[in-house]
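Take a look at the structure set out below.
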Amino acid sequence: MPRGVINYGHGPKNDGTYDPGAVGPDGYQEAAETCIIGTKIAQKLQNNGWDILAIQDGDLKDITDQANSFKPDAFLSIHANSAAPEAHGIETYALAPGGVGEKIAREIQKELVLATGLTDRGVKFANYWVLGKTIGYPAVLTEIAFISNPVEEALMHKDSWNETVAEAICKGFSRALGVAYGETKKDGVGKVLDVAVLLYTKEDYWSGADVAVKNGDCAIFIRPDDHSVPKEAMSAQKLIVVGGPTTGHPNEILLSGKTKYDTAQAVGKYLG
Ligand SMILES: [Zn+2]
């Protein structure tokens with residue numbers, strides 16, 4: 001399984017303060033935008049079989065320490081650019097020319113420009129902390145657009161634009177690393193479910209069945225005896241967990257209590 005680190009630029013710091021990154025003319029914070037884009041990327045790549053470590057941290061050393069111990073196949077940092085209000089467009093950085101880092105940067109840059117139609121400022125090279133201190137694997141940093149530009153800041157408020165950006169980055173990132181992206185097999189095997197229900201035991205079936213009906217009769221999974229989470233359930237876009245502990249699924253609804261009566265109550269409340 002390919003492994004990737006997705007770093008959402010800026011965020012909470014060890015000293016208790018918060019690094020918002022650049023702030024747009026309308027007050028939009030870079031850290032909020034990188035979180036939205038990064039979360040989408042992490043989810044999409046996970047749905048395509050990636051093992052992803054997502055990091056949002058205001059301390060650069062913490063980012064590279066975590067990334068280095070995860071030992072990914074590649075590292076991607078998401079940022080929004082900032083300069084004079086008229087500056088605009090997309091640029092992607094690698095540490096140095098040649099090698100896989102540049103290849104990833106070029107593929108991401110190409111896909112982003114194609115998908116958004118924004119100005120191509122090209123692939124650039126810089127010894128940024130997250131590019132220079134990520135050791136043993138390629139690393140890139142994408143400046144998706146200028147948050148300091150009122151037009152581009154307005155784009156960042158649109159979910160459809162964020163979706164387009166995340167999709168383009170995933171395509172370029174995957175292609176550069178030779179990993180298939182967005183392919184579903186004809187027979188439906190490997191197709192990503194929109195929503196699934198996960199039961200802790202068979203005893204949760206009746207409450208779980210009602211939850212599935214409420215969600216368009218979606219698929220129901222039951223945890224095996226070792227209580228592990230079936231892969232297909234984990235790759236669903238949304239996972240509704242009935243009974244048992246959280247799965248760590250990024251888009252999880254947890255309907256669970258200490259006893260099966262508490263769980264039934266949580267389900268009842270959800271069903272309304
Ligand atoms: Zn930044």
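The values are calculated or read from the model by the stated rules, or taken from the named source; none is laboratory data. A quick note: this is a predicted structure, and the numbers were derived from the prediction, not measured. Note that we place each Cβ from the backbone using ideal geometry, even for glycine, and neighbour counts take in every protein chain shown. Areas reflect the complete protein model, heavy atoms only, side chains present, ligands, DNA and RNA absent. Shrake-Rupley method; radii C 1.70, N 1.55, O 1.52, S 1.80 Å.
Computed over protein heavy atoms with a 1.4 angstrom probe, the accessible surface ordering of 235, 228, largest first, is 228, 235.
Cross-link reach is defined here as a Cα-Cα straight distance under 14 Å, omitting same-chain residues fewer than 8 places apart; for residue 40 the aspartates and glutamates meeting it are 159, 163, 167.
Summarising the amide proton neighbourhood of residue 88: residues at separation of 5 or more, or on other chains, whose placed amide H is nearer than 5 Å comprise an empty set. Each Cα pair under 8 Å and six or more residues apart adds its separation to the average, and for the chain the resulting relative contact order is 17 percent.
With both residues required to sit in the chain, DSSP beta bridges show an antiparallel share near 20%.
To the nearest 10, the accessible area of residue 65 is 70 Å² with a 1.4 Å probe.
Each Cα pair under 8 Å and six or more residues apart adds its separation to the average, and for the range 195-271 the resulting relative contact order is 31 percent. Among the protein heavy atoms of the range 3-176, carbon and sulfur supply 55% of the accessible surface, probe 1.4 Å, non-protein parts ignored. Accessible surface comparison of 223, 121, probe 1.4 Å, protein chains only, largest first: the order is 121, 223. Taking 19 Å as the limit for the C-alpha separation, the pairs 44/202; 110/171; 61/110 exceed it in the case of 44/202; 61/110. Couplings for the range 132-139, taken from phi via the Karplus curve 6.51 cos²θ - 1.76 cosθ + 1.60 with θ = phi - 60°, read x, 9, 8, 10, x, 7, x, 9 Hz in order; Gly and Pro are left as x. Computed from the C-beta positions of residue 60 and residue 114, the FRET efficiency with R₀ = 35 Å rounds to 0.70.
Here residue 258 is the anchor, and the aspartates and glutamates within straight C-alpha reach of less than 16 Å, apart from those fewer than 8 places off in the same chain, are 203, 204. Scanning residues 5 or more positions from residue 55 or on other chains, those with amide H under 5 Å from its amide H are 6, 7, 8, with H placed 1.01 Å from N in the peptide plane. Volume per residue of the convex hull around the Cα atoms, evaluated for the range 3-176, comes out as 102 Å³. The label point for residue 15 and the one for residue 84, both projected 7 Å from the Cα toward the Cβ, are 3.2 nm apart.
Rolling a 1.4 Å probe across all protein chains gives residue 259 an accessible area of roughly 60 Å². The Cα center of the range 61-124 and the Cα center of the range 243-272 differ in position by 39 Å.
Ranking of 79, 157, 88 by solvent-accessible surface, largest first: 157, 88, 79 (1.4 Å probe, protein heavy atoms only, all chains present). Taking GluC sites (Glu not before Pro) across the range 61-104, the ones in a DSSP loop with at most 11 further Cβ atoms lying within 10 angstrom of their Cβ are 86.
What is the range 108-180 by shape, rounded, prolate or oblate, if you read a ≥ b ≥ c off the alpha carbon gyration tensor as root eigenvalues and call it rounded for a/c under 1.5, prolate for a/b larger than b/c, and oblate otherwise? Note, shape of the range 108-180 comes out oblate.
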